[in-house]
Amino acid sequence: MAGRNRKSRFLLTLALLVPVMTLAGEVTLTGEGSVRYEPDSARLEFTANAEHALPQKATEKVATLVTQWREGISAYRDQLDDYSDSTVNLYTRTLPSEQRGEELQKLAVASQTISFTIKDLSLLNPLLQQAQALGLDYSLGPYQFFHSDEAGMEQEALARAIADARARCSFVAEKLGQTCGEVVTINVNGGHRPVPMMMAEAKAMSDTVSSVGEREIRASVSATFELD
């Protein structure tokens, strides 16, 4: 009996000498980052259209418009990237008859598309004015404008999101009397599609652009950190 008590006291003493080991905690949180910028480039597309009873005449009229366009923008031609004006379409449309039984008239419609990219927005208004002078069709929207280094800005937005997650972890850890440790897992949420802050502004009379407006690239991450 006495031997059993001595053995129990020995085990108790040994247990007191061994430190208690605890598992480190973890915290999962999100981080967000964004970058604002103004576009410095644009993708543009213009279309020359012409109609005539004879397909050959319609095609010739379109070819004349494109030739005049080329001559009018010759001073800027070497600054237009990915330039193309070789796409030509030709089809026939039927005019509605004014009287019952009247023979339907047909017109040949020719169109030629001009597309390119500019990396200097100071070229935008001179090109628009030339298109307007020739009666070319085009549309101008916010998603035609972009920045030449959007990939770099996407990385910057992501870097800010990661830094934000780390800062939040440090704040939480401090309040708990701990420190923010290593990253356990991290997930990048969604893409980085640029969001227009404003539409491009245009003057009503001449349809020239006075302001493109800001864009914003956003990124977010979900991360789990160890708490030491």
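The values are calculated or read from the model by the stated rules, or taken from the named source; none is laboratory data. Small disclaimer: the values here were computed from a predicted structure and weren't measured. Cβ atoms come from the backbone with ideal geometry, glycine included; neighbour counts cover every protein chain shown. The protein model used for the area step is the full one, side chains on, heavy atoms only, and it has no ligands, DNA or RNA in it. Shrake-Rupley method; radii C 1.70, N 1.55, O 1.52, S 1.80 Å.
A few points about this structure:
- Counting only residues at least eight positions apart within a chain, or on another chain, the aspartates and glutamates with an alpha carbon under 15 Å from that of Lys119 are Glu38, Asp40, Glu45, Asp78, Asp81, Asp82, Asp149, Glu150.
- Rounded to 0.05, the FRET efficiency of the Ser84 and Glu38 pair, given R0 = 30 Å and the Cβ-Cβ distance, is 0.65.
- Distance (nanometres) between label positions extended 7 Å along Cα→Cβ at Thr30 and Ala75: 5.1 nm
- Residues in the stretch 109-122 carry Karplus couplings, in order, of 10, 10, 9, 9, 9, 10, 9, 5, 10, 10, 10, 9, 6, 5 Hz; the curve used is 6.51 cos²θ - 1.76 cosθ + 1.60 with θ = phi - 60°, and Gly or Pro positions show x.
- Additional length obtainable on full extension of the chain from Ser211 to Thr92, 0.36 nm per residue less Cα span: 38.9 nm
- Among the protein heavy atoms, those of Arg160 account for about 110 Å² of accessible surface (1.4 Å probe, every chain in place).
- Taking amide H positions as modeled 1.01 Å from N, with prolines and chain starts lacking one, the residues under 5 Å from Ile114 and 5 or more places away or on another chain are Phe46, Thr47, Ala48.
- Separation of the Val188 and Asp120 label points, Cα + 7 Å toward Cβ, nm: 3.3 nm
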